[in-house]
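Here the structure comes first, spelled out in structure tokens, and everything after it is commentary.
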Amino acid sequence: MSDVTGLHAIDVAVGANVRRIRKNKRMSQTTLGRAVGVTFQHVQKYERGANRISASTLVQIAQVLDIPPAELLP
């Protein structure tokens, strides 16, 4: 469900998980973006929940972070 900002809670939660795990692995947004074929600005938007992450991109991100995709879900 959307909040007043128009963001969906699940998108925000998934993005926060991407950010937390990426930072724990000391990986930059640029490095993650290049690995999945997007710009670091896209990664920023994913992490804020402003852009939804497609299933295929979610799997790619999980592979790059060396985690199971389910770890990114709320």
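The values are calculated or read from the model by the stated rules, or taken from the named source; none is laboratory data. These numbers come from a predicted model, not from an experiment. For neighbour counting, all protein chains shown are included, and Cβ atoms are generated from backbone atoms with ideal geometry for every residue, glycine included. When the accessible area is computed, the model is the full protein with side chains, heavy atoms only, and any ligands, DNA or RNA have been set aside. Shrake-Rupley method; radii C 1.70, N 1.55, O 1.52, S 1.80 Å.
Sorted by accessible area (1.4 Å probe), largest first, how do GLU71, GLU47 line up?
GLU71, GLU47
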Estimated 222 nm signal from helices in the chain, with DSSP H stretches of n ≥ 4 weighted -39500 (n - 2.57), rounded to 500:
-18000 deg cm²/dmol
Place a +1 charge on the Cβ of each Lys and Arg in the chain and a -1 charge on the Cβ of each Asp and Glu, then give the dipole magnitude about the Cα centre in debye, rounded to the nearest 20.
300 debye
Cα lying deepest toward the dipole's positive end in the chain, options THR31, THR57, HIS42, charges on Cβ:
THR31
Would you mind calculating the relative contact order of the chain from Cα pairs under 8 angstrom and at least 6 residues apart, reporting the percent as a whole number?
37 percent
